[in-house]
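A.B. asks: To start, I am sharing the structure in question, which I have written as structure tokens.
The values are calculated or read from the model by the stated rules, or taken from the named source; none is laboratory data. Because the structure is a prediction, the values reported are computed rather than measured. All Cβ positions, glycine included, derive from the backbone under ideal geometry; neighbour counts span all protein chains shown.
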Amino acid sequence: MEKEERAPLRNTVILIVGLFLFWQLAYLVVGDVALRSPWQTMRFLGALMQTDVFWLHLADTLKAFAVALAIAVALGLLIGFALGLHRLSGDAMEPMLVALYSIPKITLYPIILLAFGVGISAKIAFGAIHGIIPVALITLSAIRTIKPILIKTGRVLKLSPTVMVRAILFPAAVPEIFTGIRVGFSLTLIGTVLGEMFAAQRGLGYLLMNAISLYNIDLIMSVTFLLVVLAASVNALLLAVDRRLHHG
Amino acid sequence: MEDIARRILKDDGANGQQHMSRLRLYQLAIIAGFILLLEALCLAAVIDKITMPPPHIIARDLVRMVADGRYFGDIGKSLANVLLAFATAYVLGVATGTILHGYRTARDILDPLFATYYAIPVFAFYPLFIVIFGLGDGPQVLIGILLAVVAVIVTTLNGLDRVPPVLKKTARINGLNPLQTALRVTLPFCAPYLLTAAKLALAYAFIGVIGSEFIMARAGMGYEISYAYTNFDNATMYPLILMILLLSIAANSLLSYWERVLLARRGQK
């Protein structure tokens, strides 16, 4: 971990330049039939951003994502704390959660569609089911690894369960919980976008799916590019906070 | 995620046999309770028939589907693609991870890419692959590989980080070349991690292949599910979904079991 601090800015620049070079090269090899160059993509994205429709789709995605993330984090923390505090339930549920986490959630989309109908609730549900389990699992392990002395101190002081959680468990587990939220963020985002691809009529995922069925390469490339940039920049930010929490 | 998995395993070993059987009982009760709840909700028409048939009907349909072998072609095709994607991504990922482990700078540069990789909608590249490779199995397998490979690389790197220096020194003293060191010393040492990597790769291969079939395909389980969905054919859709879930959970449990055996043999609590 310590060595990673070495010239992070230089590394990031090398990575980004490298990726663009790779993209340009791929474009030169494959050609117009299936790809656009970075420059063309960005120009198209610029043009796309001038349209009102684009902002409606983006706003819809962000709204659904925000709700999905709130649900994933709230439920994930609740499950994680509940299982972390009760030994037997935790032991029993953890392998089951791991197994659930490993199922291809994408196969559940028809069920979600049938249950919620096409629209914002379906994609929120789809986003949330991607995020809940990782947040819960990481929270659970965070609480289990809290130093026993802290919990003993709480017991000696005869703290009530609520105060115990608020004053001891939560603060002690914050760095790990933040890691959980960071992981939950990425997974919920991809879940929401996937949900939009299959189960919505608005949002960036829908725009992408629409572009896929019309084979509009410009649109495919620019929406994908935008999603990657969005995800990468927020993730980088969260990663920086995460590192500070773990080492600060 | 793999650290958590490891911690569970540790707990399993530390607790007694009695505790384990109690846990199993508890788990069975949870599953049975969940199925009964679904059954009750369906029978009480809280969940209507168009949304979901009661579990016992789904189970019956699944048995019938397997008995008359109607979708064997699709199932075989999907599973073959999943296995191909899994195997390719796994070999590629372990090899890349092992090589990358020796190059600190390259790894530092690629680290942010690995950290954000799973936020990229890889499925967006599916139509591009179809144009390049045609609407066959190729693009689906490729999506599966793209999804799976990074998880394998990251987990392999994680495992190699934990190899004690003394093992590497021993390898050097015995004059092993880098390939021999990897094959005989470091990779066997991270076997538990390699199993975790296999679990992740399998999960992602499933997602990649089935998801691609949802978007555009001419056959396969994902294709049949979305076909059944558009035709309100719950008698086909639910058993197929259940089958995919059972297959992936079974594969995952099998690998977890193997992992536990490995760890137990090493005497890790």
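A.B. asks: Restricting to the range B:111-132, and then to whatever is more than 7 Å from chain A (Cβ to nearest Cβ) and either aliphatic (A, V, I, L, M) or farther than 23 Å from A:GLY31 by Cβ (or both), can you tell me which residue is surrounded by the fewest Cβ atoms within 10 Å (Cβ to Cβ)?
C.D. replies: Only one residue fits best here, namely B:PHE114.
A.B. asks: Quickly run through the range B:204-213 and pick out the residues that are out of contact with any Leu (no Cβ under 8 Å at 6 or more places or on another chain) and either surrounded by fewer than 24 Cβ atoms within 10 Å (Cβ to Cβ) or not hydrophobic (A, V, I, L, M, F, W, C) (or both).
C.D. replies: Within the range B:204-213, B:SER212, B:GLU213 qualify.
A.B. asks: Okay, next question. Out of all the residues in the range B:212-221, which are at pLDDT below 90 and either in a helix (DSSP H, G or I) or facing chain A (nearest Cβ under 9 Å) (or both)?
C.D. replies: If the condition is that a residue be at pLDDT below 90 and either in a helix (DSSP H, G or I) or facing chain A (nearest Cβ under 9 Å) (or both), then B:PHE214, B:ILE215, B:MET216 are the ones that fit.
A.B. asks: Name the residues in the range A:55-67 that are in contact (Cβ under 8 Å) with a residue 40 or more places away in the chain and under 17 Å from A:LEU230 (Cα atoms), would you?
C.D. replies: A:LEU56, A:HIS57, A:LEU58, A:ASP60, A:THR61, A:LYS63, A:ALA64, A:PHE65
A.B. asks: Which condition number does B:ALA264 fail, the rest of (1) touching a residue at least 40 places away in the same chain (Cβ under 8 Å); (2) among the aliphatic types (A, V, I, L, M); (3) closer than 16 Å to B:THR196 by Cα; (4) out of contact with any helix residue (DSSP H, G or I) (no Cβ under 7 Å at 6 or more places or on another chain) being met?
C.D. replies: (4)
Every residue, every condition in (1) within 30 Å of B:ASP161 (Cα to Cα); (2) within 14 Å of chain B (Cβ to nearest Cβ); (3) in a helix (DSSP H, G or I), yes or no:
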{"residue": "A:ARG10", "(1), (2), (3)": "yes, yes, yes"}
{"residue": "A:LEU15", "(1), (2), (3)": "yes, yes, yes"}
{"residue": "A:GLY18", "(1), (2), (3)": "yes, yes, yes"}
{"residue": "A:GLN24", "(1), (2), (3)": "no, no, yes"}
{"residue": "A:LEU35", "(1), (2), (3)": "no, yes, no"}
{"residue": "A:TRP39", "(1), (2), (3)": "no, no, yes"}
{"residue": "A:LEU56", "(1), (2), (3)": "no, no, yes"}
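A.B. asks: Answer yes or no as to whether A:LEU219 is closer than 22 Å to A:ALA68 by Cα, crowded, with 17+ Cβ neighbours inside 10 Å, more than 13 Å from the chain's Cα centre (by Cα) and within 11 Å of another protein chain (Cβ to nearest Cβ).
C.D. replies: For A:LEU219, the condition - closer than 22 Å to A:ALA68 by Cα, crowded, with 17+ Cβ neighbours inside 10 Å, more than 13 Å from the chain's Cα centre (by Cα) and within 11 Å of another protein chain (Cβ to nearest Cβ) - is not met.
A.B. asks: Select, from A:GLY154, A:GLY184, the only residue that is in a helix (DSSP H, G or I), more than 9 Å from chain B (Cβ to nearest Cβ) and closer than 22 Å to B:ILE207 by Cα.
C.D. replies: On inspection, the qualifying residue turns out to be A:GLY184.
A.B. asks: Output the residues belonging to the range A:110-147 that are surrounded by 19 or more Cβ atoms within 10 Å (Cβ to Cβ), closer than 30 Å to B:ILE50 by Cβ and over 18 Å from the mean Cα position of the chain (by Cα).
C.D. replies: Hits for the range A:110-147 are A:PRO110, A:ILE112, A:LEU113, A:LEU114.
A.B. asks: With respect to the numbered conditions (1) facing another protein chain (nearest Cβ under 9 Å); (2) of a type outside the set (Phe, Trp, Tyr); (3) at positive phi, which one is the sole condition not fulfilled by B:GLY175?
C.D. replies: (1)
A.B. asks: Test A:LEU113 against the stated conditions and say whether it is within 14 Å of chain B (Cβ to nearest Cβ) and farther than 30 Å from A:LEU230 by Cβ.
C.D. replies: Here the answer is no, as A:LEU113 does not meet what is asked.
A.B. asks: In the range A:199-208, is there at least one residue being surrounded by 23 or more Cβ atoms within 10 Å (Cβ to Cβ), part of a helix (DSSP H, G or I) and at pLDDT below 85?
C.D. replies: Yes, there is a match, as at least one residue in the range A:199-208 is surrounded by 23 or more Cβ atoms within 10 Å (Cβ to Cβ), part of a helix (DSSP H, G or I) and at pLDDT below 85.
Rundown of residues vs (1) more than 10 Å from chain B (Cβ to nearest Cβ); (2) not in a helix (DSSP H, G or I), yes/no style:
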{"residue": "A:ILE133", "(1), (2)": "no, no"}
{"residue": "A:LYS158", "(1), (2)": "yes, yes"}
{"residue": "A:MET164", "(1), (2)": "yes, no"}
{"residue": "A:LEU169", "(1), (2)": "yes, no"}
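A.B. asks: What residue, among those in the range A:222-248 that are over 30 Å from A:ALA172 (Cα atoms) and surrounded by fewer than 21 Cβ atoms within 10 Å (Cβ to Cβ), is nearest to the other protein chains (Cβ to nearest Cβ)?
C.D. replies: Out of the qualifying residues, it is A:VAL228.
A.B. asks: Of all residues being assigned to a helix (DSSP H, G or I), free of Cβ contacts under 8 Å to residues at least 24 places away in the same chain and within 7 Å of chain B (Cβ to nearest Cβ) in the range A:70-107, which is surrounded by the fewest Cβ atoms within 10 Å (Cβ to Cβ)? Just the residue, please.
C.D. replies: Out of the qualifying residues, it is A:LEU88.
A.B. asks: I've got another one for you. Being of a type outside the set (A, V, I, L, M), touching a helix residue (DSSP H, G or I) at 6+ places or on another chain (Cβ under 8 Å), modelled with pLDDT of 85 or more and surrounded by fewer than 22 Cβ atoms within 10 Å (Cβ to Cβ) narrows it down to one residue among B:THR236, B:THR230; which is it?
C.D. replies: Answer to the check: B:THR236.
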